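The structure under discussion appears below in the form of structure tokens.
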Amino acid sequence: MTDINLLQPATESNASSPDIVWHEHAVNRESREKLHGHQGAVIWFTGLSGSGKSSIAGALEQALHQLGVSTYLLDGDNVRHGLSRDLGFSDDDRIENIRRVGEVAKLMQDAGLLVLTAFISPHRHERQMVRELLPEGRFIEVFVDTPLAVCEQRDPKGLYKKARAGEIKNFTGISSVYEQPEQPEIHLNGEQLVTNLVAQMLDVLRHHAIIKP
């Protein structure tokens, strides 16, 4: 059973010690955002393996960088080389992985960065957990909606083939559930060209005043 504490962000009431308190600093998020020239926010790409999350996030970061936007891309594989290298792929470990990423993204957002994340994050409560860590309007859920058959056909890492053969357990979409977002801020058709999807993303970010027109 999942430890319920993993689903709750640390606060003064549930932190490890009552002597641990949050300190407000003279330089706040608004000051950092003014320096960067744009808002800090978290763009959370979710979808099946092979849906195109990482490709779209990477292309979007390149486009934002060219526009002078301060960004950082947190990729699922990269995070597991360091921050979450002690975790496996059980439900509990996946939740802990997302909790850690959410806390890192929260700090980066507070630094005024536009943070892009590319994680399967298959459960709605995981994504909601991260949303609740952030200020209102600063979590942008992006559902990369690509049919399972297309993801299997792409299979860039050969993972679906291994999952079908029983070599990988708890593989999302095959032997583990993926809960589609019910009301994502952005719903992308993962079968479209990446360039078109990036243009769509930029339009939405401008519309919501995350970046300048």
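The values are calculated or read from the model by the stated rules, or taken from the named source; none is laboratory data. None of the values given here were measured: they were computed from a predicted structure. When we count neighbours, we look across all protein chains shown, and the Cβ atoms used for this are built from the backbone with ideal geometry, even at glycine. We work out accessible area using only protein heavy atoms, side chains counted, and drop any ligands, DNA or RNA first. Shrake-Rupley method; radii C 1.70, N 1.55, O 1.52, S 1.80 Å.
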Out of (1) within 20 Å of Ala63 (Cβ to Cβ); (2) modelled with pLDDT of 95 or more; (3) part of a loop (DSSP other than H, G, I, E, B), the one Ile210 does not meet is (2)
When the range 167-188 is examined, which residues are found to be β-branched (Val, Ile, Thr) and closer than 19 Å to Glu152 by Cβ?
Ile168, Thr172, Ile174, Val177
Answer yes or no as to whether Gly40 is open to solvent by less than 20 Å² (accessible area, probe 1.4 Å), touching a residue at least 40 places away in the same chain (Cβ under 8 Å) and on the phi > 0 side of the Ramachandran plot.
no
Residues Asp145, Asp155: which one is within 24 Å of Gly88 (Cα to Cα) and surrounded by 14 or more Cβ atoms within 10 Å (Cβ to Cβ)?
Asp155
Looking at the range 75-94 only, could you name the residues that are open to solvent by less than 40 Å² (accessible area, probe 1.4 Å) and in contact with a helix residue (DSSP H, G or I) (Cβ under 7 Å, 6 or more places away or on another chain)?
Asp75, Val79, Ser84, Leu87
A careful count of residues in the range 95-130 that are touching a residue at least 40 places away in the same chain (Cβ under 8 Å), open to solvent by 10 Å² or more (accessible area, probe 1.4 Å) and among the charged types (D, E, K, R) gives 6
If the requirement is being within 26 Å of Ile174 (Cα to Cα), at pLDDT 95 or above and assigned to a loop (DSSP other than H, G, I, E, B), which of these qualifies: Leu87, Leu48?
Leu48
In the range 3-16, is there at least one residue being modelled with pLDDT of 90 or more, over 17 Å from the mean Cα position of the chain (by Cα), of a type in the set (D, E, K, R) and in a loop (DSSP other than H, G, I, E, B)?
no
Determine whether Ile168 is open to solvent by 10 Å² or more (accessible area, probe 1.4 Å) and part of a loop (DSSP other than H, G, I, E, B).
yes
Just give me the residues in the range 119-147 being among the hydrophobic types (A, V, I, L, M, F, W, C) and either part of a loop (DSSP other than H, G, I, E, B) or more than 21 Å from Trp44 (Cβ to Cβ) (or both), in sequence order.
Phe119, Ile120, Leu134
Residue identified as in contact with a Ser or Thr (Cβ under 6 Å, 6 or more places away or on another chain) and either modelled with pLDDT under 90 or of a type in the set (Asp, Glu) (or both) among Glu61, Glu24
Glu61
